[in-house]
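Asks: Okay, here's the structure, questions in a sec.
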Amino acid sequence: MTANMERRLRVGVISTGGIFRGAHMPAFLANPHTEIVAVCDTHKPSACAVADEIGQVRVYTEWEEMLDQEELDIIDICSPNYLHAPLAIAALERGLHVFCEKPDAIRPDEAIRMKEAAEKSGKVLMVMRNNRYRSRPKFLKQWIAEGGAGHLYTGRCGWIRRKGIPGKGGWFTTKELSGGGPLIDLGVHMIDLSMWLMGNPKPIAVTGATYSHFAQTTIEGESRHVEGNTYDVEDLATGFIRFDNGATLQVEVSWASHIEEDDVFVEMRGTKGGFSMRNETFKLFTDIGGQSVNSEPQVPIGGWGHQENVNHFVDVVLGRAEPEFTPEQGVDMIRILEAMYQSAREGREIRLD
């Protein structure tokens, strides 16, 4: 596919749930170079509702049939986590570009096979990293590139909820289907954003702890409860990552915990400056003329970055841009998460080098 071809890239979608409708669908519909031509969901009413909304879209309940019947360029994967790797690998082996919702996979060996399938096919594999494309992180990336922070040597990040277990008893809380709880659900966002700002250093050692204390409780404000199903994941995780350049990162994520309020944050310290993004607050910390200076850049929070992420993926497919996300980064991410879970089970640091 080259940049001067006039026809739009034909997109087939696997799974038409909330993340597709709220993030992927509007992004692909708004991009002038793509058109959604087919949707697949085992729950046919969901696929039909999406097809009616988009118009001129064919509906499938089996993804293999969609891939056999349709002449596609791109597969967009929004399925439960355990299907990300097998679906991505199958699409890549058929010569299709793949855009996938996070997490990349639920095990490191799956992420490695995804990477290898992309390399063998020569097609683009990109997993959603929308926070990289938000206004404040983009500003920070430029500030760091210009030397404002110096060497970033340590940081902390987190996404902690007081109440917010998604679909208790459904696939989110079933480890076999999700890969884990808030660590793999929310931690992917915050760890990736932190590592990206740090220049994507290689992780060499990980320590973690996980807790599950809210499986049997009912908390006002929780998502739906699915009776009779599984809750075998954590509802809070903490971790510590060491990188090959000497930098470190602390992590805390939760779906439920007794805290004052929900908190989403990335804080980092460098040799020349530091910063804090915490909910609505955005601050830089530096020294000027030998004095400590705190500043609040007037950079709006902006949107969630999904549109910009999809636009970048399409530009890479069309040969207009070099990928800002690589499958190797996905492998590093899933290795970190798996190591945190292993550390929590075994009570020791897990080496990755």
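The values are calculated or read from the model by the stated rules, or taken from the named source; none is laboratory data. Only a predicted model underlies this, so the values are computations on that prediction, with no experimental measurement involved. Glycine gets a Cβ as well: all are built from the backbone with ideal geometry, and neighbour counts include every protein chain shown. Please note that ligands, DNA and RNA were not included when accessible areas were found on the heavy atoms of the full protein model with its side chains. Shrake-Rupley method; radii C 1.70, N 1.55, O 1.52, S 1.80 Å.
Asks: Report the relative contact order of the stretch 41-184, percent, no decimals, based on alpha-carbon pairs under 8 angstrom and at least 6 residues apart.
Replies: It rounds to 18 percent for the stretch 41-184.
Asks: Express as a percent, rounded to the nearest 5, the fraction of DSSP beta bridges in the chain (both residues included) that run antiparallel. Working shown, then result.
Replies: Values: 41 of 69 bridges.
Around 60 percent of the beta bridges assigned by DSSP in the chain are antiparallel ones.
Asks: Hey, what angle do you get for helix 84-93 against the long axis of the chain, alpha-carbon based, 0 to 90 degrees rounded to 10?
Replies: 50
Asks: To the nearest 10 degrees, how steeply does helix 327-346 sit against the main Cα axis of the chain, on a 0 to 90 scale?
Replies: 60
Asks: Moving to a separate point now. State to the nearest 20 debye the size of the charge dipole of the chain about its Cα centre, where the only charges are +1 on K and R beta carbons and -1 on D and E beta carbons. Don't jump to the answer; show the numbers that get you there.
Replies: Values: 37 positive and 50 negative charges, 158 e Å.
That gives the chain a dipole magnitude of about 760 debye.
Asks: Per q in 0.06 Å⁻¹, report the Debye log10 I(q)/I(0) for the chain, using one uniform scatterer on each alpha carbon and no solvent.
Replies: Values returned for q = 0.06 Å⁻¹ are -0.22.
Asks: Please say if the stretch 201-353 is rounded, prolate or oblate, where rounded means a/c under 1.5 for a ≥ b ≥ c the square roots of the C-alpha gyration tensor eigenvalues, and otherwise the choice is prolate for a/b larger than b/c and oblate otherwise? Write out the running numbers ahead of the final one.
Replies: Details: a/c = 1.37, a/b = 1.31, b/c = 1.05.
Rounded, because the longest to shortest axis ratio a/c is under 1.5.
Asks: Based on alpha-carbon centroids, what's the gap between the stretch 92-149 and the stretch 271-288 in Å, whole number please?
Replies: 26
Asks: Per residue, how much accessible surface does the stretch 27-150 expose to a 1.4 Å probe? Answer in Å², no decimals.
Replies: Working: 5170 Å² over 124 residues.
For the stretch 27-150, the per-residue accessible area is 42 Å².
Asks: Next question, about the same structure. Would you work out what percent of the accessible area of the chain, with all protein chains in place, is carbon or sulfur (probe 1.4 Å)?
Replies: Details: 7530 of 15880 Å².
Carbon-and-sulfur percentage of accessible area, whole number: 47.
Asks: Residue-wise, which Karplus ³J(HN,Hα) couplings in Hz belong to the stretch 277-288, taking 6.51 cos²θ - 1.76 cosθ + 1.60, θ = phi - 60°, and x for glycine or proline?
Replies: 10, 9, 6, 7, 8, 9, 9, 10, 10, 9, 10, 10
Asks: May I ask for the angle, rounded to the nearest 10°, between helix 108-121 and the longest principal axis of the chain, with both axes built from Cα atoms and the value confined to 0 to 90°?
Replies: Roughly 60 degrees between the two axes.
Asks: Also: Contour minus end-to-end for Arg345 and Gln250, with contour as 0.36 nm per residue of separation and end-to-end as the Cα-Cα distance?
Replies: Values: separation 95, 0.36 × 95 = 34.20 nm, distance 1.85 nm.
Full extension from Arg345 to Gln250 adds 32.4 nm.
Asks: So what is the accessible area of the stretch 162-220 per residue, in Å², with the probe set to 1.4 Å?
Replies: Numbers: 2100 Å² over 59 residues.
Counting only protein heavy atoms, the per-residue value for the stretch 162-220 is 36 Å².
Asks: Using helices alone, I'd like the mean residue ellipticity at 222 nm for the chain: each DSSP H run of four-plus residues gives -39500 (n - 2.57), total over residue count, nearest 500.
Replies: Values: 11 runs with 110 residues, N = 353.
One gets -9000 deg cm²/dmol as the mean residue ellipticity at 222 nm.
Asks: What residue among His151, Ile75, Val57 has its Cα farthest toward the positive end of the dipole of the stretch 31-165, where the charges are +1 on Lys, Arg and -1 on Asp, Glu, each on the Cβ?
Replies: His151
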